[in-house]
Amino acid sequence: MFGTYFRVGFYGCRFGDLDEQEFVYKEPSITKLAEISYRLEEFYAERYGDDVVEIIKDSNPVDKNKLDPNKAYLQITYVEPFFDTYELKERITYFDKNYNLRTFMYCTPFTLDGRAHGDLNEQYKRKSILTTSHAFPYIKTRINVIHKEEIILVPMEVAIEDMQKKTQELAFATNQDPADAKMLQMVLQGSVGTTVNQGPLEVAQVFLSDIPDDPKLFRHHNKLRLCFKDFTKRCEDALRKNKSLIGSDQKEYHREMERNYNKLKEALGPLINRKIPQLYRSLPAQTTQAQRNSYSRSSLRRVDC
């Protein structure tokens, strides 16, 4: 029960020095977004008036030119502690992941035409990484943000993250001790179910049916292909585990999931077994090294604020 964290942005001249300032608030871990929104809205409404304070409902970047200069705006977003890969090697326990926290992240889905959500091939994601002036836990329950960084994920990278998440959920449910058959079946159904909208098969059909025209996406295409190979292996492991847990009353249900898995695997086969020839040609060492450098975070657009 270490805490839950929220980013709170203040916008409007009514706030004085707080205008355009951002803070990370530490709340009890059972706190919901609606609770802290209501509490802060009530607190500032008492100071400035009920008709003055307004909550910005989304987490998109705020354009001050579109705001009413006579009002005070609050933008409240749930954030999670963020760790680089090297940090996770040292932050192993639950305590390690909830102590000495200075970096937080929240994600905002968007499309290029302004909508929050769209088709798979037009769904982008903005990752906002915040760094605070001090580390939590701290003597104060809110700390100001001193640095903000944004990373833009293109649709294929969003698909890669989604497939990695599904695969991790399968692995966790399969290896859970003690085993939880209901949780395992729920995750399995969401992975191999035939009625899953924007499920694994649709993701593969959208991104793996054709080789990308942009060479910068070759690596992402190959990574997504390998993600699907890992995903199908985890599905197989989960089905094997589920078979050992069920009773006679669920055998038909299990056979149905096996049939769905076999259909999924058959449909995915041609998509995930096709490699991009350009990635496997023998190139001069100098060219290869130059390409590796260009591929490094090639599709990520960083914006330091």
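The values are calculated or read from the model by the stated rules, or taken from the named source; none is laboratory data. Worth saying up front: this structure is predicted, and the values here are computed from it rather than measured. Cβ sites come from the backbone with ideal geometry, for glycine too, and all protein chains shown count toward neighbours. Side chains are part of the model used for accessible areas, which takes the heavy atoms of the whole protein and leaves out ligands, DNA and RNA. Shrake-Rupley method; radii C 1.70, N 1.55, O 1.52, S 1.80 Å.
Only residues that are part of a helix (DSSP H, G or I) and either among the β-branched types (Val, Ile, Thr) or open to solvent by less than 70 Å² (accessible area, probe 1.4 Å) (or both) were counted in the range 197-207, giving 6. Assessment of the range 130-143 against the conditions (part of a loop (DSSP other than H, G, I, E, B) and either of a type in the set (A, V, I, L, M) or farther than 28 Å from residue 36 by Cα (or both)) yields at least one matching residue. Of 179, 204, 267, all but one fail to be aliphatic (A, V, I, L, M) and over 30 Å from residue 153 (Cα atoms); the exception is 179. Restrict the check to the range 22-34 and report whether at least one residue is more than 24 Å from the chain's Cα centre (by Cα) and polar (S, T, N, Q). No, every residue in the range 22-34 fails to be more than 24 Å from the chain's Cα centre (by Cα) and polar (S, T, N, Q). Taking the listed residues 219, 259, the one that is in a helix (DSSP H, G or I) and within 29 Å of residue 118 (Cβ to Cβ) is 219, with no other qualifying. Could you list, in sequence order, the residues of the range 93-111 that are aliphatic (A, V, I, L, M) and under 18 Å from the mean Cα position of the chain (by Cα)? Correct list: 105 only.
Within the bounds of the range 121-129, is there any residue that is touching a Cys at 6+ places or on another chain (Cβ under 6 Å) and open to solvent by less than 40 Å² (accessible area, probe 1.4 Å)?
Residues of the range 121-129 touching a Cys at 6+ places or on another chain (Cβ under 6 Å): 125, 127.
Add one more test, that the residue is open to solvent by less than 40 Å² (accessible area, probe 1.4 Å), and what stays is 125, 127.
There is at least one residue in the range 121-129 that is touching a Cys at 6+ places or on another chain (Cβ under 6 Å) and open to solvent by less than 40 Å² (accessible area, probe 1.4 Å).
Confirm whether residue 265 is open to solvent by less than 80 Å² (accessible area, probe 1.4 Å), in a helix (DSSP H, G or I) and out of contact with any Asp or Glu (no Cβ under 8 Å at 6 or more places or on another chain). It would help to see each step written out before you state the result.
Numbers: open to solvent by less than 80 Å² (accessible area, probe 1.4 Å): no; in a helix (DSSP H, G or I): yes; out of contact with any Asp or Glu (no Cβ under 8 Å at 6 or more places or on another chain): yes.
Criteria not met by residue 265.
Pairs are defined by a Cβ separation below 6 Å, a sequence spacing of at least 6 or placement on different chains, a first member in the range 210-221 that is free of Cβ contacts under 8 Å to residues at least 60 places away in the same chain, and a second member that is assigned to a helix (DSSP H, G or I); the pairs so defined are 212/221.
Condition test on residue 210, is it under 19 Å from residue 270 (Cα atoms), open to solvent by 60 Å² or more (accessible area, probe 1.4 Å) and not in a helix (DSSP H, G or I)? Considered against the rule, which asks whether it is under 19 Å from residue 270 (Cα atoms), open to solvent by 60 Å² or more (accessible area, probe 1.4 Å) and not in a helix (DSSP H, G or I), residue 210 comes out as yes. Among the residues here, residue 168 qualifies as closer than 30 Å to residue 6 by Cβ and assigned to a helix (DSSP H, G or I).
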